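Working notes for the structure below.
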Amino acid sequence: MMKGGFEVVHATLDMIQPHREPIWDFTAATVNSIPRQQQHTLEARCVHSERNELSEWVEHVTKQLIGDMPAENMETDHRSSLHAAETSMACEDNFPPSLLGDFMPRKTVAGEEVQWKSLDEQGLSLITLLLECAVAISIDNLGEAHRMLLELTQMASPYAVSCAERVVAYFAKAMSSRVINSWLGICSPLINFKSVHCAFQVFNNISPFIKFAHFTSNQAILEAFHRRDRVHIIDLDIMQGLQWPALFHILATRMEGPPHVSMTGFGSSMELLVETGKQLSNFAKRLGMSFEFHPIAKKFGEIDVTAVQLRRGETLAVHWLQHSLYDATGPDWKTMRLIEQLAPRVITLVEQDLSHGGSFLDRFVGSLHYYSTMFDSLGAYLPADDPNRHRIEHCLLHREINNILAIGGPARSGEEKFKQWRSELAARNCFLQVPMSSNSMAQAQLILNMFPPAHGYRLVQGDGTLRLGWKDTSLFTASAWTSHSSR
C-alpha cells in the first residue's frame, strides 16, 4: 500500500513552493493578507451549497433537549459543560454560526416548505433517542441507557442510505461500549494498525483533509529549513510516512543543494516503523539525498529527551497531525514539556476542531456535531454502497468516535487533555506563532481545486492559521510555531 502512495507523489510535487520571503524574521513576522479578489473567490465556493442539515439539526435539538430537562435530572456541571460544548460548535473566524431558532421539523402542509428536507422522520427520531441516551449515561442511569441502546442498535445500520442512520449506528456502538465498560471496568481494545493505516491512505486519496494537513505543514517546514545544511524532523505519529516524499523531493532539488535529513518517527509498532523507514530511505536514495531514520516504538510523551538523537548544528522540526484514533503521544503535559526541551525551529500542528477534554456530555455533543459533518461530507459525493466510504467510516471515524466516548476522557485516563493545543502554545512564553505564509495558502487552495465546488469544502485563513471545513463547520486547523530558544 505504501509503495503505491509514494508513486503518486510526483503528481503533486509542484504544489510545494520554494521559500521566497523572510517570514522567519520573527520580530517582523505578520500574517500574509489575501487579495480581496481571492477572498471573494474562497467565500463564493459555498454560496450555492445547501446547508449541512444533519449537523445543524444536531446542534438545535441538543439545546432543546437539555433545556427541557428538569433541573433535578441534570447536574449543574453537566449544564455548564453542555453550554461550553454548544459554544465551541459555533464556528470561529469566517465560518458563520448555524442559524438559530425553532428546530423541530415541520409537517408537510400544502403551501408550506418542509424545513429539514434531508432528514426523514426515522432519522430525526433516531438522533433524538441517541441524545436522550447520552443524557442518561451522563447521570449514570446506565439501565435506562442500556434499554435505549438495544433499541438503537436494532433500528440503525452503518450500511444505511441515510447519513443520520449511519451516524447513529456508530455512536450507539461506542456508547454501548461505554456502558459495558462502566459495568465491567475500563477496557482498551486491540488496534490493528495495518488496517487503520490502510484506511487512512484511502481517506487521503478521496478527501482533501489529509492532503491539506500534509502540504500546508510541508510548506512551513520547507521555509524553516531555508539555507540549512543539516535538518531533523520528528514526526509524533508517522504511520506510513506518506507526507514526506513530496518534501524530500523539494529539498533534494534546492538551489543551494540538498541538506542531510535525519528523521525520528514515533509509532506503536516497531515492525511498521521499520517498514516505513525502509520506504523513506529508498525514496531518499533515489533522489541522491543523505537520509537516516530513527524509529521509536513508544509514545512521545513517555520518553526521555535523550532518546531523540539530535546532533549539534541540526535544525529541528516537530510535526504533529492530530487524530482521535488512539492516544498517540501520551499525557499532554509531558508532550509539551518535551517540546519545550527540544526547542524546535518549527512546530507544525494540524488539529481536529474537536475537544477531547471535559465531561462525557462535552465530548458527546462536540463529537456528534463534528462527525455528523464528516459523514455528511462523505455522503455528499460517495454512494451509500461505496466500499471506500464504508472503510473510512468503519475503520477511522467509528474508531475515533469509540475512542472519544468509550475509552477517552479525563475520568477514565486519569489525564486531562488540552482542549486546544494552539491555545496552550500561545499561552507559554517560550513559543511564538509563525503565521502560515501565502505559499501555504496556495498549497491549500490547489488541493481544494482538485474537488468540485459542489462538494462543499471550504478554506479560511485567519489569526495566522489555515482552516479547512465542510460548508459551515471548520474541521481541521493548521498552524506553525517556533521556540524562542531555537537555533
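The values are calculated or read from the model by the stated rules, or taken from the named source; none is laboratory data. This one's a predicted model, so the numbers in the text were calculated from it and none came from an experiment. Here Cβ is always computed from backbone atoms with ideal geometry, including for glycine, and neighbour counts include all displayed protein chains. To get the accessible areas, we keep the full protein, side chains included, count just its heavy atoms, and leave off ligands, DNA and RNA. Shrake-Rupley method; radii C 1.70, N 1.55, O 1.52, S 1.80 Å.
The single condition from (1) more than 30 Å from Val179 (Cβ to Cβ); (2) surrounded by fewer than 22 Cβ atoms within 10 Å (Cβ to Cβ) that Glu416 fails is (1). For the residues Ser81, Ser162, the requirement of being at pLDDT below 95, within 22 Å of Arg399 (Cβ to Cβ) and of a type in the set (S, T, N, Q) singles out Ser162. Filtered by the rule that a residue be open to solvent by less than 40 Å² (accessible area, probe 1.4 Å) and not in a strand (DSSP E or B), the stretch 280-296 gives Leu280, Phe283, Ala284, Met289. All conditions but one from (1) under 30 Å from Thr482 (Cβ atoms); (2) modelled with pLDDT under 95 apply to Val179; the one that does not is (1).
Would you call Glu112 in a helix (DSSP H, G or I) and either surrounded by fewer than 20 Cβ atoms within 10 Å (Cβ to Cβ) or modelled with pLDDT under 80 (or both)? No, not satisfied. Counting only helices (runs of 4 or more DSSP H) wholly contained in the stretch 151-227, the ones carrying 1 or more residues that are touching a Phe, Trp or Tyr at 6+ places or on another chain (Cβ under 7 Å), in contact (Cβ under 8 Å) with a residue 12 or more places away in the chain and open to solvent by less than 10 Å² (accessible area, probe 1.4 Å) occupy 163-184, 208-224.
For residues in the stretch 431-458 being of a type in the set (A, V, I, L, M) and buried (at least 23 other Cβ atoms within 10 Å of the Cβ), which is nearest to His319 (Cα to Cα)? Here the residue is Met436. Scanning the stretch 355-369 for residues being in contact with a strand residue (DSSP E or B) (Cβ under 8 Å, 6 or more places away or on another chain) and surrounded by fewer than 23 Cβ atoms within 10 Å (Cβ to Cβ) gives a total of 0.
Which residues, counting only those in the stretch 297-313, are without any contact (Cβ under 8 Å) to a residue 40 or more places away in the chain, in a helix (DSSP H, G or I) and closer than 27 Å to Pro259 by Cα? Result: Val305, Thr306, Ala307. Number of residues in the stretch 247-277 that are within 28 Å of Gly301 (Cβ to Cβ) and of a type in the set (A, V, I, L, M): the value is 7. Take the conditions (1) part of a loop (DSSP other than H, G, I, E, B); (2) crowded, with 23+ Cβ neighbours inside 10 Å; (3) not β-branched (Val, Ile, Thr); Gly330 misses just one of them, which is (2). Within the stretch 389-406, identify whether any single residue is touching a His at 6+ places or on another chain (Cβ under 6 Å) and open to solvent by 30 Å² or more (accessible area, probe 1.4 Å), and answer yes or no. Checking the stretch 389-406: not a single residue is touching a His at 6+ places or on another chain (Cβ under 6 Å) and open to solvent by 30 Å² or more (accessible area, probe 1.4 Å). Within the option set Thr335, Thr315, Thr306, being over 30 Å from Glu393 (Cβ atoms), open to solvent by less than 20 Å² (accessible area, probe 1.4 Å) and not hydrophobic (A, V, I, L, M, F, W, C) holds for one residue only, Thr315.
Phe418 satisfies every condition listed in (1) under 18 Å from the mean Cα position of the chain (by Cα); (2) not in a loop (DSSP other than H, G, I, E, B) except (2).
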